[in-house]
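> The structure under discussion is supplied below as structure tokens; questions concerning it will follow.
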Amino acid sequence: MAEQKLKRFNKIYPIYDGLSADLLFYFAIDSLFLQLVKNLSIAQITSLTSFSLIACILLQIPLLKIIKKIGNTNSVRFSSFLLLISSILLTFSKSYSLLILAQIFYEISFVFHTMSNVILKNNLEMQNKNDEFIVIKTKGSSIYAIATFLISLIASLMFNINNYLPMYACMLVCLICFILSFFIIDYSKENKNKIENKNISIKTSIFQIIGLIVVCYGLYMAIVTLGQKEGKLFIQEQLLNNYNVDKAALILGIILCLSRAVRVVANLVFEKIYVKLENKVSIFLAKLLCLSFIFMILGFLIKNLILKIIIMSMGYFLILFVRDPFKNYIHNLLLNWTNKNSQPFYLSVLELTSKIFKAIISLLFTAILINNNISNVIIILIILSILELSICYYMNNKELENS
């Protein structure tokens, strides 16, 4: 019976992981929806992220206590419930304060969602399949990439037919994820004797590596998340300056569609990249991240409109290419360097660090956008990505010293 449950879990997990990775449909029209339907300025759109991240950071300790009390399985279910509530509030809220609340629920949901990684690791250990963590996580990322690619094909058209149509689809997907979350169960609680507890002593060297992993991930995901958002706004600004709203929305939809296709490719080839580069994967991905923002600035400086959009889009594509592989790699790396009892804590710290970096950088961007062009934000992202690359090199050296 337990074996059948675990096999069912292995099949359902990638589907759940892929569909619950974000607010599907909303991601494709979020900036247009907030700017044109909710009448928010670019500074207000950016501030939504800032305020929600600050709230999530302040609530981190109580959230961690809740996770410890309700357990991994219920944490995942609560995560899906919060994501559903967030989609409803984003759709129907008419005030700026309620939109902030929706964004707060969105950010908090991913604090609980990280426990799905612990569940996957625990269940794989029961099956003696520890080495399949990257494989299954990549399957989930591939499902997400394919889903977002297909959504990109139709989201802009749906938006033009009815501005709220993509949001109705978003709520439906969130409801499906909430139902699927009841199949994401940590079976290790039923088979404690079958799992060996790895007693990894936290020596100074190991603690340094864990610290570097946390900082490396936190800064990287902050750069990627905000870079993806600001990069899309950057391209959107150029389009709206030269085309009407309908044409700008259509072109932006095509760019997003192609970027999602790139994301699909990234997940399909990541296993081969991981096998070839192993612990140097983080350095490779950090280099591509830096290159992405350089492309955006180069495209912005070009006067020819078509060439401008092409070069800027190439930069945006690279952001999507590096996102999933880095996230899956770091999660696996952290789980390998920590023991079972400490994994929920360190995964929470991982996401907390990411939120702290995102909040600080987002506040900086909000202040800059009040009186400056968004191109200044992209320049700062180039500087931050160079810093991230340096951290990846240092982390890689520390890993080699302690391997």
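The values are calculated or read from the model by the stated rules, or taken from the named source; none is laboratory data. This structure is a prediction, so every number in the text was calculated from the model and none was measured. Reconstructed Cβ throughout: ideal geometry from the backbone, glycine too, with neighbour counts over all protein chains shown. Surface accessibility is based on the protein's heavy atoms, side chains included, excluding ligands, DNA and RNA. Shrake-Rupley method; radii C 1.70, N 1.55, O 1.52, S 1.80 Å.
> For residues that are touching an Asp or Glu at 6+ places or on another chain (Cβ under 7 Å) and crowded, with 21+ Cβ neighbours inside 10 Å, scanning just region 21-80, find the one that is modelled with the lowest pLDDT.
L53
> Spot the failing condition for I306; the list is (1) without any contact (Cβ under 8 Å) to a residue 24 or more places away in the chain; (2) touching a helix residue (DSSP H, G or I) at 6+ places or on another chain (Cβ under 9 Å); (3) under 25 Å from A28 (Cβ atoms), and only one is missed.
Single failed check for I306: (2).
> Taking region 380-403 as the search range and keeping residues that are farther than 19 Å from E278 by Cβ and of a type in the set (S, T, Y), which one is surrounded by the most Cβ atoms within 10 Å (Cβ to Cβ)?
Within region 380-403, the subset farther than 19 Å from E278 by Cβ is 380-388, 390.
Within this subset, residues satisfying the condition of being of a type in the set (S, T, Y) are 385, 390.
Numbers: S385: 23, S390: 10.
Here the residue is S385.
> Just checking, does region 207-221 include any residue being at pLDDT 90 or above, of a type outside the set (K, R) and under 25 Å from I151 (Cα atoms)?
Yes, because at least one residue in region 207-221 is at pLDDT 90 or above, of a type outside the set (K, R) and under 25 Å from I151 (Cα atoms).
> Looking at region 304-347 only, could you name the residues that are farther than 15 Å from S292 by Cα, in contact with a Lys or Arg (Cβ under 9 Å, 6 or more places away or on another chain) and among the hydrophobic types (A, V, I, L, M, F, W, C)?
Within region 304-347, L335, F345 meet the criteria.
> Same structure again: Quick one: is I319 under 28 Å from S52 (Cβ atoms), at pLDDT 90 or above and surrounded by fewer than 20 Cβ atoms within 10 Å (Cβ to Cβ)?
Numbers: under 28 Å from S52 (Cβ atoms): yes; at pLDDT 90 or above: yes; surrounded by fewer than 20 Cβ atoms within 10 Å (Cβ to Cβ): no.
Considered against the rule, which asks whether it is under 28 Å from S52 (Cβ atoms), at pLDDT 90 or above and surrounded by fewer than 20 Cβ atoms within 10 Å (Cβ to Cβ), I319 comes out as no.
> May I pose another question? Mind checking which pairs have a first residue in region 323-344 that is among the charged types (D, E, K, R) and a second that is assigned to a loop (DSSP other than H, G, I, E, B) and surrounded by fewer than 19 Cβ atoms within 10 Å (Cβ to Cβ), Cβ under 6 Å, 6 or more apart or different chains?
Taking only residues 6 or more apart or on different chains, the pairs are K340/N197.
> A further question follows. Which of the residues that make up region 106-122 are open to solvent by 10 Å² or more (accessible area, probe 1.4 Å) and either of a type in the set (V, I, T) or at pLDDT 95 or above (or both)?
Across region 106-122, the qualifying residue is only I108.
> Among the residues of region 300-313, which ones are over 25 Å from the mean Cα position of the chain (by Cα) and open to solvent by less than 50 Å² (accessible area, probe 1.4 Å)? Even if it seems obvious, please write down each step before you answer.
If we filter region 300-313 for residues that are over 25 Å from the mean Cα position of the chain (by Cα), which is where we start, we get 300-308.
Matches in region 300-313: I302, L305, K308.
> Take the residues in region 346-379 that are assigned to a helix (DSSP H, G or I), open to solvent by 40 Å² or more (accessible area, probe 1.4 Å) and farther than 18 Å from V215 by Cα, then tell me which one is modelled with the highest pLDDT.
My answer is I379.
> State yes or no: is G218 without any contact (Cβ under 8 Å) to a residue 60 or more places away in the chain and either open to solvent by 30 Å² or more (accessible area, probe 1.4 Å) or among the small types (G, A, S) (or both)?
Details: without any contact (Cβ under 8 Å) to a residue 60 or more places away in the chain: no; either open to solvent by 30 Å² or more (accessible area, probe 1.4 Å) or among the small types (G, A, S) (or both): yes.
So G218 does not fit the description; no.
Results for (1) touching a strand residue (DSSP E or B) at 6+ places or on another chain (Cβ under 6 Å); (2) open to solvent by less than 10 Å² (accessible area, probe 1.4 Å); (3) closer than 29 Å to I254 by Cβ, shown as yes or no for each residue.
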{"position": "L84", "(1), (2), (3)": "no, no, no"}
{"position": "Q103", "(1), (2), (3)": "no, no, yes"}
{"position": "L124", "(1), (2), (3)": "no, yes, no"}
{"position": "V135", "(1), (2), (3)": "no, no, no"}
{"position": "I143", "(1), (2), (3)": "no, no, yes"}
{"position": "I154", "(1), (2), (3)": "no, no, yes"}
{"position": "L157", "(1), (2), (3)": "no, no, yes"}
{"position": "S181", "(1), (2), (3)": "no, yes, no"}
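> Every residue in region 1-20 that is within 17 Å of F133 (Cβ to Cβ) and either open to solvent by 100 Å² or more (accessible area, probe 1.4 Å) or in contact with a strand residue (DSSP E or B) (Cβ under 7 Å, 6 or more places away or on another chain) (or both), please.
Matches in region 1-20: K7, K11.
> Check I100, I136, I108 and return the single one that is in contact with a Lys or Arg (Cβ under 9 Å, 6 or more places away or on another chain) and β-branched (V, I, T).
Values: I100 fails: in contact with a Lys or Arg (Cβ under 9 Å, 6 or more places away or on another chain); I108 fails: in contact with a Lys or Arg (Cβ under 9 Å, 6 or more places away or on another chain).
Going through I100, I136, I108 in turn, just one is in contact with a Lys or Arg (Cβ under 9 Å, 6 or more places away or on another chain) and β-branched (V, I, T): I136.
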